[in-house]
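Let me begin by presenting the structure, written as structure tokens, before commenting on it.
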Amino acid sequence: MIHKMNASKAGRRPHFKRYWQLYLMLLFPLLHFLLFKYGPMFGAVLAFRRFAPGGSPFGVEWRGLYYFRMFMGNPMFWRAFRNTFILSAINIVVNFPIPIIFAILINEIRNRKFKKAVQTISYMPRFISTVVVVSILMQLLMPNSGIVNVWLKEMFGLPPIDFMNNPDYFRWIYVLTDTWQFTGWTAIIYIAAITGINMELYEAARIDGASRRQLIANVTIPCILPTIMVMLILNIGRILSLGFEKIMLMYRPATYVTGDIIDTFVFRMAMGQSATQNYSLATAAGLFGAVISLIFVTGANTASRKLTGESIY
């Protein structure tokens with residue numbers, strides 16, 4: 001047994017020696033995850049301990065489930081929880097299928113130059129800063145001089161609408177800006193999956209007389225279904241983790257009723273006014289959201305494995 005272990009170690013040494021540059025490159029993302037993903041997990045203990053400025057970063061007194069009972073008795077938290085769930089559900093229903101459809105349509109384009117132009121134009125919004133996106137949005141939707149209100153007035157004679165301060169429009173503005181910003185970028189994954197389909201399947205289907213619609217329905221979609229299911233599971237796992245930065249830049253006190261989410265609630269509890277500042281309460285609320293997300297992704301993964309045979313683990 002010892003001889004086999006020594007032989008195995010000796011066999012790995014030439015491999016590490018030959019590819020040490022690759023392992024060195026792997027070290028940096030590994031350190032990133034350790035420092036910024038796993039390291040902060042130790043701070044979750046603050047959900048059970050009272051934090052005092054100037055004291056231990058891991059709290060000064062054990063309080064058990066006190067902070068969980070505190071935020072669960074806060075109606076503002078449940079409003080934020082409901083808003084997070086509704087906004088995420090709308091986002092998945094609208095923005096999950098659109099990149100799939102977009103990728104299939106791009107794949108059907110036969111003119112290479114036009115195809116590359118469409119791909120490039122669709123990717124570009126992903127590289128625009130969220131701050132810039134919201135700034136453009138505010139300019140477009142200004143009540144008096146925004147191009148949207150000017151167009152509505154000239155075409156339909158409607159009075160100016162203050163979109164950014166109206167809670168009825170907040171969710172749809174958020175979802176549609178995500179559509180514009182991320183459709184092309186997300187479609188890259190599906191385009192890559194479509195590119196990997198065996199062309200012989202298409203040729204066989206064409207010989208059998210399949211039309212282009214039938215090729216999409218019976219070859220393209222079934223072949224990229226594993227990728228679709230993995231992406232769906234990941235999206236469900238992020239159902240309580242929305243774009244915190246964009247929400248913070250978009251919402252106003254007038255739109256809290258539909259725009260306040262768990263992340264912004266946690267931010268206000270941790271970084272708000274000193275009278276309401278409570279790091280332990282914010283940590284407990286954030287940990288609660290993380291546990292719910294874990295339950296969602298586990299359930300979605302299990303359901304996908306049983307129904308389609310595809311899963312991420």
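The values are calculated or read from the model by the stated rules, or taken from the named source; none is laboratory data. As the structure is a computational prediction, the values presented were derived from the model and not from experiment. Note that we place each Cβ from the backbone using ideal geometry, even for glycine, and neighbour counts take in every protein chain shown.
Can you name the number of the only condition in (1) within 17 Å of LEU176 (Cα to Cα); (2) loosely packed, with under 14 Cβ neighbours inside 10 Å that PHE114 fails?
(1)
Just to be sure I understand, how many residues within the stretch 140-159 are assigned to a loop (DSSP other than H, G, I, E, B) and either surrounded by 12 or more Cβ atoms within 10 Å (Cβ to Cβ) or in contact with a helix residue (DSSP H, G or I) (Cβ under 6 Å, 6 or more places away or on another chain) (or both)? First the steps, then the outcome.
Step one: of the stretch 140-159, the residues assigned to a loop (DSSP other than H, G, I, E, B) are 141-146, 157-159.
With either surrounded by 12 or more Cβ atoms within 10 Å (Cβ to Cβ) or in contact with a helix residue (DSSP H, G or I) (Cβ under 6 Å, 6 or more places away or on another chain) (or both) added as a condition, the list becomes 141-143, 146, 158.
Result for the stretch 140-159: 5.
Checking the conditions here, which among ALA117, ALA89, ALA80 is in contact with a helix residue (DSSP H, G or I) (Cβ under 9 Å, 6 or more places away or on another chain) and either assigned to a helix (DSSP H, G or I) or not acidic (Asp, Glu) (or both)?
Working: ALA117 fails: in contact with a helix residue (DSSP H, G or I) (Cβ under 9 Å, 6 or more places away or on another chain); ALA89 fails: in contact with a helix residue (DSSP H, G or I) (Cβ under 9 Å, 6 or more places away or on another chain).
On inspection, the qualifying residue turns out to be ALA80.
Could you go through the stretch 244-255 and let me know if any residue there is assigned to a helix (DSSP H, G or I), of a type in the set (Lys, Arg) and touching a residue at least 60 places away in the same chain (Cβ under 8 Å). It would help to see each step written out before you state the result.
Residues of the stretch 244-255 assigned to a helix (DSSP H, G or I): 244-250, 253-255.
Keeping just the survivors that are of a type in the set (Lys, Arg) gives 246.
If we keep only those that are touching a residue at least 60 places away in the same chain (Cβ under 8 Å) as well, we get 246.
Yes, the stretch 244-255 contains at least one residue that is assigned to a helix (DSSP H, G or I), of a type in the set (Lys, Arg) and touching a residue at least 60 places away in the same chain (Cβ under 8 Å).
Going through the stretch 117-131 one residue at a time, which ones are loosely packed, with under 11 Cβ neighbours inside 10 Å and of a type in the set (Ser, Thr, Tyr)?
Within the stretch 117-131, THR120, SER129 qualify.
Taking only pairs six or more apart or across chains, which ones have beta-carbon atoms under 7 Å, a first residue in the stretch 172-201 that is under 14 Å from LYS246 (Cα atoms) and of a type in the set (Asp, Glu), and a second residue that is modelled with pLDDT of 90 or more and surrounded by 14 or more Cβ atoms within 10 Å (Cβ to Cβ)?
Sorted first by the residue in the stretch 172-201, then by its partner, the pairs are ASP178/ASN91; ASP178/ASN95.
Of the conditions (1) outside any helix (DSSP H, G or I); (2) within 26 Å of ILE262 (Cα to Cα); (3) of a type outside the set (Val, Ile, Thr), LEU137 fails just one. Which one is it?
Result: LEU137 passes all but (1).
Which of the residues that make up the stretch 38-74 are over 23 Å from THR264 (Cβ atoms) and among the charged types (D, E, K, R)?
Correct list: ARG49, ARG50, GLU61, ARG63.
So which of ASP178, ASP162 ends up being acidic (Asp, Glu), out of contact with any Gly (no Cβ under 6 Å at 6 or more places or on another chain) and modelled with pLDDT of 90 or more?
Matching residue, one of ASP178, ASP162: ASP178.
Right, SER293: part of a helix (DSSP H, G or I) and of a type in the set (S, T, N, Q) or not?
Spelling it out, SER293 is indeed part of a helix (DSSP H, G or I) and of a type in the set (S, T, N, Q).
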